[in-house]
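The values are calculated or read from the model by the stated rules, or taken from the named source; none is laboratory data. Just so you know, these numbers come straight off a predicted model, no measurement behind them. Counting neighbours? That spans all protein chains shown, and the Cβs are built from the backbone with ideal geometry, glycine included.
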């Protein structure tokens, strides 16, 4: 039993030792810029995480690159421009509204409007079908339903 516990501990120890990156900044403003940038840039490997949250090698490289660019005195906008020039607007979690990204911003609204229009047309069609039935047909349908309930 002790051997099994030791084996389990050794196997899981590798996954529990997460690397902690320590970065030293000249001032608090630089550190705030760093934190802001790494939380606004998307990991291109994970695609659903920021580079701050991702443990992918590319995310680590991007964090290092952001740090080095800040150390060189570049502004947040210069770094964001560099990243978008290199990786495209996809690297930003909130891409700007452009012709290329317009579909990303407009598609949800268009799909919502199409869905609401479809619901409206279906409800309207059902109302007109029930209104078109003559009283004789309604009575016949009611009798047939009553017969099936009695059976």
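The single condition among (1) modelled with pLDDT of 85 or more; (2) exposed (fewer than 12 other Cβ atoms within 10 Å of the Cβ) that residue 55 does not satisfy is (2). Out of curiosity, is residue 92 in contact with a strand residue (DSSP E or B) (Cβ under 8 Å, 6 or more places away or on another chain) and either farther than 16 Å from residue 34 by Cα or surrounded by 15 or more Cβ atoms within 10 Å (Cβ to Cβ) (or both)? Judged against the criteria, residue 92 is a match.
Of all residues in the stretch 108-141, those that are surrounded by 10 or more Cβ atoms within 10 Å (Cβ to Cβ) and more than 47 Å from the chain's Cα centre (by Cα) total 6. Summed over the stretch 49-61, residues that are touching a residue at least 24 places away in the same chain (Cβ under 8 Å) and either part of a helix (DSSP H, G or I) or closer than 17 Å to residue 31 by Cβ (or both) total 2.
The set of residues in the stretch 85-107 being closer than 18 Å to residue 47 by Cβ and either modelled with pLDDT of 90 or more or part of a loop (DSSP other than H, G, I, E, B) (or both) consists of 86, 88, 93, 94, 95, 100, 101.
Checking the structure you have, find out if any residue of the stretch 61-83 is in contact with a strand residue (DSSP E or B) (Cβ under 8 Å, 6 or more places away or on another chain) and at pLDDT below 85. Reasoning before the result, please.
Of all residues in the stretch 61-83, those in contact with a strand residue (DSSP E or B) (Cβ under 8 Å, 6 or more places away or on another chain) come to 62, 66, 80, 83.
Going one step further and asking which of them are at pLDDT below 85, we end up with none.
No - not one qualifying residue is present in the stretch 61-83.
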